[in-house]
Amino acid sequence: MDDEHTAGFREPCTQCSAVDWGISDEGRFYCRTCHNVIERTKDVVDLTFTPGSARVSTLGRRTRQMWQEGGRKWAVCEGFQFILRNQANALIRLGVSPSFKDQVLCQLWRLYLQRSHQAYTSNPVSAAIFKVGNSKSDTESIAESASETDGERSQDGANAESSWSQGSVDGVSYKASRAKRPGLMSMRKTLALIHLALIWSREPLTLSDLLRLVNEGHVPYVNAYEELPEEMMLNGRDAVIFKVDSIPSYQMVHKEAQSLGLFLQLQAFPPISRQTLLHPALLTVRYLMDVNLPDELHPWVCRTIECAGMADETLHTFNATSHPNLPQNDVTAAALIIVTVKLMFGMDDHTEWTLSNEASVQDDQGVMFNLRRWYRLMQATLIKAQQRRDHNIARKQWKAKKILHRNKKMKYILVKKRRTAEQVKICFEKLSSCPVSVPLRDPSSFRFCWGDEDGADGPSLHHQKLDKVVTFKNDALTPTNSTYWHPALKLCTSWNCQSHYSEMEPTLPRSFVWLLQLFSFLLDVKPALLYEEVLMVERRIFTTTKKDKTKTRTRTGTPQRQLKTKESTRKPNR
């Protein structure tokens with residue numbers, strides 16, 4: 001924009017003789033090379049403005065008071081409403097159904113405003129004290145206008161009209177009351193509400209997908225307040241509410257979404273049937289393709305789902321009364337694949353390599369799946385992907401373009417620092433011959449790309465056969481591996497217990513730990529979360545089949561159980 005306004009001014013700078021002019025926030029011309037400010041100014045005329053015209057921005061019983069500098073009074077919930085709208089529009093541009101925004105997310109947002117007594121209620125909470133009054137019935141409350149809240153807010157900011165910088169009318173009280181009222185909206189809750197709306201719409205977008213889109217910049221979250229309308233002026237106190245310095249983890253957003261679902265008192269979500277792309281039966285197909293495992297492994301994953309009794313749609317559908325735990329469909333699908341790989345290959349640091357050696361000896365045409373070959377390919381690709389991720393995180397620009405300030409003096413200091421930082425960044429770009437910021441990648445549902453085309457991470461193994469790890473017994477395909485090991489499956493009775501993975505990790509087989517790390521990177525979750533989900537699947541399997549005849553063997557003090565009555569003489573090679 002500066003180049004358009006300064007194109008006609010070609011006089012050299014009196015200090016450095018450079019012809020490189022920019023326009024400051026005050027409208028003054030300054031030299032980008034030496035930061036010399038001259039008296040020349042640029043007046044911008046808005047041809048679309050008609051004197052005396054006005055537009056209706058909201059319906060209410062009272063009129064809004066306009067600030068002298070062009071801003072207007074606005075509440076914090078209005079800022080979050082704009083951010084949610086921008087996030088929904090970004091998802092729609094990426095392929096989410098347009099009905100997700102108006103028919104689902106908008107209704108959840110209205111329900112949240114009513115449950116939190118900020119709007120759609122006859123007795124809204126006051127901006128000054130945020131006390132909840134006695135509300136009428138839902139039928140009477142829903143008829144009230146959302147903007148009615150703004151007309152009844154306290155007039156704490158009545159004298160703010162004379163101040164230089166204005167912000168939200170309830171920013172200070174909102175931040176002070178959030179500890180007492182955990183239901184108040186936050187930036188993390190915007191992602192939680194989006195996640196609930198995606199689940200209700202049964203969109204094939206998991207929580208790990210949503211967080212990856214946020215991390216790559218396709219969905220606004222970091223510095224999302226920059227996209228607020230210009231008339232909604234922000235100051236420093238609003239930075240505490242809208243500014244974020246990091247992207248929340250999977251567990252944080254999932255916990256927030258579950259609490260928000262219970263707070264909204266939602267009815268039962270639409271069922272996640274076997275034909276829905278969020279069901280593990282179909283979600284595992286995508287993850288098998290992403291980690292380059294054979295297509296023939298998917299029927300065995302489906303058999304694992306049946307053995308664990310997890311084909312029932314009620315296990316994957318959120319219900320505040322009968323099933324209050326919000327399902328983690330992506331983590332569950334990854335855990336089912338890990339259990340299936342353990343069932344087929346052992347993953348005890350011994351059985352998988354023995355099966356790989358047998359496949360190498362008898363495979364002359366290279367059509368049989370070899371787990372050693374797959375491990376080497378995936379390990380090299382995983383290391384490169386982790387290095388690329390760490391490099392992008394180091395180059396990520398967290399500073400916002402729109403500066404939040406408390407007064408005019410602070411704005412002057414911040415603007416000066418920003419100009420200096422931009423000049424330093426330009427110098428580094430010229431010295432390194434590459435851009436400092438991370439280039440925006442095209443969004444994709446897959447972490448890796450397999451095939452023979454340019455840019456692929458390696459050859460595809462999807463077409464390979466599992467002939468050497470399965471055999472015919474009693475006219476049915478049966479895994480060649482006859483043993484299955486697992487850690488202790490007894491639930492911990494401690495009230496504050498979360499995971500024992502850090503204690504168990506040194507005793508677990510290295511191949512199994514590597515498999516956990518692979519899928520943890522795929523979903524961007526902690527290995528401990530995936531480990532606990534694997535134990536949950538194994539508990540369901542052995543609870544369902546506990547009447548079958550089993551034998552127990554011990555491996556380094558860890559109880560293990562055989563699936564067959566045949567005693568295994570193989571010992572794990574540590």
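Of the helices (runs of 4 or more DSSP H) lying entirely inside the stretch 1-116, those containing at least 1 residues that are modelled with pLDDT of 80 or more and surrounded by 15 or more Cβ atoms within 10 Å (Cβ to Cβ) are 76-93, 106-115. Taking the stretch 313-354 as the range and being open to solvent by 10 Å² or more (accessible area, probe 1.4 Å), in a helix (DSSP H, G or I) and farther than 30 Å from Ser273 by Cα as the test, the residues that pass are Trp353, Thr354. Of the residues making up the stretch 387-411, those that are exposed (fewer than 14 other Cβ atoms within 10 Å of the Cβ) and either at pLDDT below 70 or assigned to a helix (DSSP H, G or I) (or both) are Gln387, Arg388, Asp390, His391, Ile393, Ala394, Arg395, Asn407, Lys408, Lys409.
Going by the conditions given, is Asp364 farther than 29 Å from Ala197 by Cβ and not in a helix (DSSP H, G or I)? Yes: the conditions hold for Asp364.
For residues in the stretch 457-504 being among the aromatic types (Phe, Trp, Tyr) and assigned to a strand (DSSP E or B), which is farthest from Glu532 (Cα to Cα)? The selected residue is Phe472.
On the basis of being modelled with pLDDT of 85 or more and either buried (at least 19 other Cβ atoms within 10 Å of the Cβ) or outside any helix (DSSP H, G or I) (or both), does Val214 make the cut? Judged against the criteria, Val214 is a match.
Report, by residue number, each residue of the stretch 199-217 that is over 28 Å from Val240 (Cβ atoms) and hydrophobic (A, V, I, L, M, F, W, C). Write out each step before concluding.
Going through the stretch 199-217, the residues over 28 Å from Val240 (Cβ atoms) turn out to be 199-206, 208-209.
Matches in the stretch 199-217: Ile199, Trp200, Leu205.
Look at the stretch 365-393: where a residue is of a type in the set (S, T, N, Q) and a partner is part of a loop (DSSP other than H, G, I, E, B), sitting 6+ places away or on another chain with Cβ atoms under 6 Å, you get Thr381/Asp457; Asn392/Val438. Every condition in (1) surrounded by 21 or more Cβ atoms within 10 Å (Cβ to Cβ); (2) modelled with pLDDT under 75; (3) in a helix (DSSP H, G or I) holds for Gly167 except the one numbered (3).
If you filter the stretch 505-516 down to residues that are open to solvent by 50 Å² or more (accessible area, probe 1.4 Å) and in contact (Cβ under 8 Å) with a residue 24 or more places away in the chain, you find that the one that is farthest from Ile337 (Cα to Cα) is Thr507. Restricting the search to the stretch 440-457, which residues are surrounded by 15 or more Cβ atoms within 10 Å (Cβ to Cβ) and at pLDDT below 90? Within the stretch 440-457, Pro443 is the sole residue that qualifies.
The values are calculated or read from the model by the stated rules, or taken from the named source; none is laboratory data. Treat the numbers as computed from the prediction; the structure is a model and nothing was measured. Virtual Cβ from ideal backbone geometry, glycine too; neighbours counted across all protein chains shown. To get the accessible areas, we keep the full protein, side chains included, count just its heavy atoms, and leave off ligands, DNA and RNA. Shrake-Rupley method; radii C 1.70, N 1.55, O 1.52, S 1.80 Å.
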